[in-house]
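I have placed the structure first, in the form of structure tokens, so that the comments after it can refer back to it.
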Amino acid sequence: YLKNADDLLIGVRNYPEFSYSEIEKPVRNSNLFSYKDKYLNNGGLEGSKRELPAKLTEELSKKIISLVEEINNVIPSRGIVRYDFLKIEDNIYINEINTIPGSHALYLWNNLNISKYELLSDLLDEALREDLHKWSTEGSDGLALKSAKDIQSKLG
């Protein structure tokens, strides 16, 4: 929470290629974008009042997109994710990366002529075509757990 901050949301996907949605500014009922505002009123985010696209300067829009690209290069994701930012004046702060947004943030793509059908079809195609991440225990030899006489001593 940042006092007097505006929420800004953007959808991101890496399949079939890296792309991002328009930036949204949710219109909230109070100073705080509450859980009730976000998920319960008007059927959740998809039915909420919003500025889409958000009325931002070109400089702020570019700053958000640059942050999205930078974060995505470090923490690539699968499917559709929603990046939530907070804005105070010209300062932008990342609030969260929501990997399973309640509505998959499909509405964020409406103005870009990408249909929900196309987005969902791409999600399925990505799931079927991409190699699944092979998890590794490399670097986790279990030594700490093995040296504990029981789980209670491990928990402290």
Options L128, L145, L123: the member that is of a type in the set (A, V, I, L, M, F, W, C), at pLDDT below 85 and not in a loop (DSSP other than H, G, I, E, B): L145
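Yes/no matrix, rows are residues, columns are (1) buried (at least 16 other Cβ atoms within 10 Å of the Cβ); (2) modelled with pLDDT under 90; (3) under 18 Å from the mean Cα position of the chain (by Cα):
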site: E17; (1), (2), (3): no, no, yes
site: E24; (1), (2), (3): yes, no, yes
site: N31; (1), (2), (3): no, yes, no
site: R50; (1), (2), (3): yes, yes, yes
site: K62; (1), (2), (3): no, no, yes
site: P76; (1), (2), (3): no, yes, yes
site: L86; (1), (2), (3): yes, no, yes
site: G102; (1), (2), (3): no, yes, yes
site: W109; (1), (2), (3): yes, yes, yes
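The values are calculated or read from the model by the stated rules, or taken from the named source; none is laboratory data. This structure is a prediction, so every number in the text was calculated from the model and none was measured. Counting neighbours? That spans all protein chains shown, and the Cβs are built from the backbone with ideal geometry, glycine included.
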